Amino acid sequence: MTLSITEENYLKCIYKLSQTIDDEINTNAIAAELATSPASVTDMLKRLSEKKFISYVRYRGVRLTHTGEKYANNLIRKHRLWEVFLVEKLNFKWDEVHDIAEQLEHVNSDEMTERLDQFLGSPKFDPHGDPIPDKSGKYTSRKQILLSDLGKGKKGVILAVREHSTVFLQYLDAHKLNIGATIEVISMTPYDNSLTIKLGKDKNLTISHQVASNLLISSN
């Protein structure tokens, strides 16, 4: 069954919220995420429930059904594959690809998705370090922690970023805090939890707690 772009965006939103909320997801959380009214959310949830993509009980919350989760994973797969394509093959920067991939993910062709995956060599992660689900919906997992939790004297490699805003990614580019960069925590300031880190072999840099809490690190 083919859904509208709006319906697809709702499924993605519910999936995203389900990764951080253990209980049923309420309409207010969805409305805040999509910047729309709770009444509009309720109408859409009724529609998606009728199509069996979600399990919805008014005043209690919503969960994706197996069908809904599979559909959402496919959207995420397409989005992240397109981001890889745009960065690796068309030389876009990682802060430029999200909005374009948002449009391309709605192209409804499983054949194209699989050919794109094969053309790219079946990548496991997108340019921001987010895992790309395979066609069965399975993600590649790896051990990673927040830079803010790494600890003084510990070393690690940047694996992923939690925030994908243009200004944040441009900040990371400006300071060479890119995927694959090696980091060692030199010290932490108790007042504001800012970190002084060694980037690579010899560059010292002080970053805020907000930045450190949006970088995922593989610790040694």
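The values are calculated or read from the model by the stated rules, or taken from the named source; none is laboratory data. Just so it is clear, the structure is predicted and the values come from calculations on it, not from any experiment. Every residue, glycine as well, gets a Cβ built from its backbone with ideal geometry; the counts of neighbours run over all protein chains shown.
Here segment 170-220 is the region considered, the condition is being of a type in the set (Val, Ile, Thr) and over 15 Å from Leu159 (Cα atoms), and the residue that is surrounded by the most Cβ atoms within 10 Å (Cβ to Cβ) is Ile197.
Yes/no matrix, rows are residues, columns are (1) of a type in the set (Lys, Arg); (2) assigned to a loop (DSSP other than H, G, I, E, B):
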site	(1), (2)
Leu75	no, no
His79	no, no
Glu83	no, no
Leu86	no, no
Leu90	no, yes
Glu102	no, no
Pro133	no, yes
Lys138	yes, yes
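Within the set Leu11, Leu48, Leu3, the sole residue that is at pLDDT below 95, over 30 Å from Asp173 (Cα atoms) and in contact with a Phe, Trp or Tyr (Cβ under 9 Å, 6 or more places away or on another chain) turns out to be Leu3.
Only a single item in (1) within 27 Å of Ser165 (Cα to Cα); (2) among the aliphatic types (A, V, I, L, M); (3) assigned to a helix (DSSP H, G or I) is not met by Ile21, and it is number (3).
Which residues, taken from segment 31-61, are farther than 10 Å from Tyr10 by Cβ, part of a loop (DSSP other than H, G, I, E, B) and touching a residue at least 12 places away in the same chain (Cβ under 8 Å)? The answer is Lys51, Lys52, Arg58, Arg60. For first residues located in segment 115-140 and in contact (Cβ under 8 Å) with a residue 60 or more places away in the chain, partners that are surrounded by 14 or more Cβ atoms within 10 Å (Cβ to Cβ) and assigned to a loop (DSSP other than H, G, I, E, B) and lie 6+ apart or on another chain with Cβ distances below 9 Å form the pairs Gly129/Gln144; Gly129/Ile179; Pro133/Tyr139. From Lys93, Lys135, Lys89, Lys143, which residue is under 30 Å from Pro190 (Cβ atoms) and either modelled with pLDDT under 95 or more than 14 Å from the chain's Cα centre (by Cα) (or both)? One residue alone meets the criteria, Lys143.
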